[in-house]
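All remarks here apply to the structure that follows.
The values are calculated or read from the model by the stated rules, or taken from the named source; none is laboratory data. Being a predicted model, the structure only gives us computed values, none of them experimental. Note: ideal-geometry Cβ built from the backbone for every residue, glycine included; neighbour counts use all protein chains shown.
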Amino acid sequence: MARHALITGITGQDGAYLAQNLLEKGYEVYGVVRRSSHFGIADHRLRWLGIEKNVHYVDANLTDLSSLLRAVEISRPDEVYNLGAQSYVASSWQQPILTSQVTGVGTTNVLESIRIVKPDARFYQASSSEMFGLIQESHQNERTPFYPRSPYGAAKLFAHWMTVNYRESFNLHASSGILFNHESPLRGIEFVTRKVTDSVAQIKLGKKTELRLGNIDAKRDWGHARDYVEAMWLMLQQDRPDDYVVATGRTTSVRDMVEIAFHYVNLDAEEFLTIDPELFRPAEVDILLGDATKARETLGWSAKTPLEDMIREMVDADLARHSSNAG
């Protein structure tokens, strides 16, 4: 019989790629869907990948334990992937309590629903490099101390330690992937990489005249979400649960990423780039650089897609969207 997987956050970037990945492996895929009057918009990533009809949708909410209990009862999962969150760092300063409830306590609700209904299910928690924040070491690995610099990072850290706690207290097969930044054509428009590629596409097509950004000297370790969801799956195939950093081991500034995107369409970034002080974060994470040695040696995983290829893919997708007036 096919294995069952339950994914929270299935309508997001990672959830969509993970669903595609698991479907290709022969899984029955169930996705937690938060009630919305705009579901046709919410599932657009699944439609982009052409898999929206291959997923079983379950109404539930990370802040509502009773609905998650029902979701686990309905799906009877062998594996649960908790990708749902308030995941936009900038919004976490405006919505710190919501971020804490959804991103932090919501993870505890998922863990508790597994413990009660299906304790043999394997659990994956989407931890984040934002937990490192004000970095304590030049390369961040599983032993690097955490120092989150946003409500989002703090909420993710709570969820991370709750995952460890449930693993050690209740013997759940619960693993965390400490994922560094990962992008794709399915990335939300509010995130800097997609904001850049979308603006570059519009500027190239004559629909926009500037790209407005904040701190372009921040450096990130960027990979492709399609590569990173394979690491999630590999973690749950191990005999023993554990925590893994997932990263490329290469850091690039926002400035250089912008140059790559504009160069691809034969435009000069300096002619269109505007720095807006209002877009700076209250507390900045200046640089992140992951050390994924453990994932490489234990899981046999490594990033496959170079940053340049990913940016070109994203620009091409946004050119196609705007050329067809799809937005």
In segment 298-312, what residues are within 18 Å of SER176 (Cβ to Cβ) and outside any helix (DSSP H, G or I)? TRP301
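For (1) within 23 Å of ALA303 (Cα to Cα); (2) free of Cβ contacts under 8 Å to residues at least 24 places away in the same chain, each residue gets a yes or a no:
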site	(1), (2)
ALA121	no, no
MET131	yes, no
GLU137	yes, yes
ALA159	no, no
VAL192	yes, no
VAL200	no, no
ILE203	no, no
ASP221	yes, no
HIS224	yes, no
Among the numbered criteria (1) within 19 Å of the chain's Cα centre (by Cα); (2) more than 28 Å from TYR124 (Cα to Cα), which single criterion is violated by TYR244? (2)
Of residues in segment 13-46 being modelled with pLDDT under 95 and among the basic types (Lys, Arg), the one nearest to ASP227 (Cα to Cα): ARG45
Looking for whichever is of a type in the set (Ser, Thr, Tyr), assigned by TED's automatic domain parsing to the domain that holds LEU83 and touching a helix residue (DSSP H, G or I) at 6+ places or on another chain (Cβ under 6 Å) here; the options are SER169, SER175. Which one fits? SER175
Residue count, segment 227-238 (criterion: in contact (Cβ under 8 Å) with a residue 12 or more places away in the chain and surrounded by fewer than 23 Cβ atoms within 10 Å (Cβ to Cβ)): 6
Can you list the helices (runs of 4 or more DSSP H) found entirely within segment 18-135 that contain at least 2 residues being crowded, with 16+ Cβ neighbours inside 10 Å? 44-49, 65-75, 89-94, 96-99, 106-117
Given the conditions (1) farther than 20 Å from ASP221 by Cβ; (2) touching a Phe, Trp or Tyr at 6+ places or on another chain (Cβ under 8 Å); (3) small (Gly, Ala, Ser), which single one is not true for ALA121? (2)
Qualifying positions in segment 258-296 - of a type in the set (Ser, Thr, Tyr) and touching a strand residue (DSSP E or B) at 6+ places or on another chain (Cβ under 9 Å): THR274, THR293
Here's a check for you: in segment 239-291, which residue that is within 16 Å of GLN140 (Cβ to Cβ) and of a type in the set (S, T, N, Q) is surrounded by the most Cβ atoms within 10 Å (Cβ to Cβ)? THR248
Select from segment 136-150 the residues that are of a type outside the set (Phe, Trp, Tyr) and surrounded by fewer than 20 Cβ atoms within 10 Å (Cβ to Cβ) and list them in ascending order. GLN136, GLU137, SER138, HIS139, ASN141, GLU142, ARG143, THR144, PRO145
Among the candidates LEU299, LEU319, LEU211, LEU289, residue that is touching a Gly at 6+ places or on another chain (Cβ under 9 Å) and outside the structural domain of ILE178 (by TED's automatic domain parsing): LEU289
So, ASN181, is that one surrounded by fewer than 23 Cβ atoms within 10 Å (Cβ to Cβ), touching a strand residue (DSSP E or B) at 6+ places or on another chain (Cβ under 6 Å) and closer than 19 Å to ASP221 by Cβ or not? no
Every residue in segment 269-297 that is closer than 25 Å to THR248 by Cα, in a helix (DSSP H, G or I) and touching a Phe, Trp or Tyr at 6+ places or on another chain (Cβ under 7 Å), please. LYS294, ALA295
Out of (1) crowded, with 17+ Cβ neighbours inside 10 Å; (2) touching a strand residue (DSSP E or B) at 6+ places or on another chain (Cβ under 6 Å), the odd one out for LEU299 is which? (2)
